[in-house]
Amino acid sequence: MNLKRDLTVFLIYMMVSTLVFISDYVSLGRIDDIKMAPMIASLALLIPLTWWVRQTRTPATTAGKEVERRSVWSEVLLLFSLAMVVRIPFVLYLGMSFEKTPIIYLLVLVIVLIKKSNLRSFGFRTENFGFSLLIGFIYYLAYGFFMFSSLLIFGYLVTGHLVIVGYDLISPLLVLPFMTFCVGVSEEALFRGFMQTRLAEIYSGKQALFVQAFLFGIWHFVWHIMPFDPIGMTIHISSTFAFGLVFGYFFELSGNLIPLILAHGLVDTVGYGALIDPSLVFSLEAYLLSQVISFALGVASLAFITKWLGMRARVDE
């Protein structure tokens, strides 16, 4: 243990968190429910980190090192706790999870400075980058096509209305960089890239898969604290647990985070452009039921294609 190095990583993490947090007080407008200032600050703060990574040479792999079960669990739970310490105030006080860039800093510094390893060992595989992006786009389509088409069908059956009456392309295009480079990178790197990779060193792939998916589900409980909503919390944790399983299986097969980062960004972005029929305020329960059904079908189609795409996204050593 190097106390000075570890303290430096923690201080950088808290400094970046503070910079993003105070950017919320700059008024630059909103895109739907997302404030512009923290979104721009989050993206801008990635630039020096990206430059630093490109200048830093680290070993390509951690293979061959002895792994202790206690050490792996300590790393996983410590990083999860540190991420949650920042996530909770961001969600409760800013109403948005702008903790993503600080988490990227934390993960990169831990991997490079503390573990003396390479980001490639944790899923950042840049070989065949364009093909990986294509796989990620197709992977999203497997979810998005079935989810939105079934939402239209079931939404009409249970409400008597077309629930989506139009689409605004501008909002998704403006939100996509944040959702991909901040949200997609941070969550895929934390849960699939770091946690699943480390846990797979001491457990079977299936156990590592379930543990990271469970933590990914718990990660989303914070949205339902204020006001306390146990039903919404249960649904959110369950749905993100399902996503964690499917995305985790893809990562187990491919060892490649790039397709997942893009797919994650698209999953969190595309819905921003959907224009919902305002009359549905009178049929909210029916609309929510159609959402649950369409989500289940979307995830099922995603799971169906995961093995086929995951094997093709694999980058050989």
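Rank Trp223, Trp73, Trp51 by mean-square fluctuation in a GNM of the chain with C-alpha springs under 10 angstrom and give only the top-ranked residue.
Trp51
Filter the chain for me: DSSP H helices, axial length by Cα at least 24 angstrom, mean Kyte-Doolittle hydropathy not below 0.0. List them by residue number. Could you put the intermediate results ahead of the total?
On the way: long enough: 3-23 (30 Å, 1.43); 36-55 (30 Å, 1.15); 69-89 (31 Å, 1.00); 129-159 (43 Å, 1.74); 230-254 (35 Å, 1.14); 284-312 (41 Å, 1.15).
Length and hydropathy pass: 3-23, 36-55, 69-89, 129-159, 230-254, 284-312.
Under a point spin-label approximation (7 Å from Cα along Cα-to-Cβ), what is the Phe214-Ile202 distance to one decimal in nm?
Calculated label separation equals 1.4 nm.
Straight-line reach only, C-alpha to C-alpha below 27 angstrom: list the lysines that Lys307 could link to, leaving out same-chain residues fewer than 8 apart.
Lys206
What do you get for trypsin sites (Lys or Arg not before Pro) in the range 58-149 restricted to DSSP loop and a cutoff of at most 11 other Cβ within 10 Å of the site's Cβ?
Within the range 58-149, the qualifying trypsin sites (Lys or Arg not before Pro) (loop, at most 11 other Cβ atoms within 10 Å) are Lys65, Lys116.
For Lys115, list the lysines whose Cα falls under 23 Å from its own Cα; do not include residues on the same chain fewer than 8 positions away.
Cα-Cα hits under 23 Å: Lys4, Lys65, Lys100.
How far apart, in nanometres, would the label points at Leu43 and Met226 be if each is projected 7 angstrom from Cα along the Cα-to-Cβ direction?
The modelled label-to-label distance comes out at 2.9 nm.
Using Cα centres only, tell me the gap between the range 286-306 and the range 1-40 in whole Å.
34 Å
Specify which residue in the list Val165, Thr197, Leu289 is farthest towards the positive end of the charge dipole of the chain, using unit charges on the beta carbon of Lys, Arg (+1) and Asp, Glu (-1), about the Cα centre.
Most positive-ward Cα: Thr197.
Comparing Thr197, Thr56, Thr159, which has the greatest mean-square fluctuation in the GNM of the chain with Cα pairs linked when under 10 Å apart?
Thr56
Given the alpha-carbon gyration tensor of the chain, what are the semi-axes of its equivalent ellipsoid in whole angstrom, ordered largest first, with each equal to the square root of 5 times an eigenvalue?
Those come to 33, 23, 18 Å.
If you put +1 on each Lys and Arg Cβ and -1 on each Asp and Glu Cβ, how big is the dipole of the range 3-312 around its Cα centre, in Debye rounded to 20?
1180 debye
Within the range 1-90, report the GluC sites (Glu not before Pro) that DSSP leaves as loop and that have at most 13 other Cβ atoms within 10 Å.
Glu66, Glu68
Let a ≥ b ≥ c be the square roots of the eigenvalues of the Cα gyration tensor of the range 139-243; is it rounded (a/c under 1.5), or, if not, prolate (a/b larger than b/c) or oblate?
Prolate, since a/c reaches 1.5 and a/b exceeds b/c.
Each reported figure results from applying straightforward, stated rules to the coordinates on display, with no laboratory input. What you see is a predicted model; the values in this text were computed from it and never measured. Note that each Cβ is placed from the backbone with ideal geometry, even for glycine, and that neighbours are counted across all protein chains shown.
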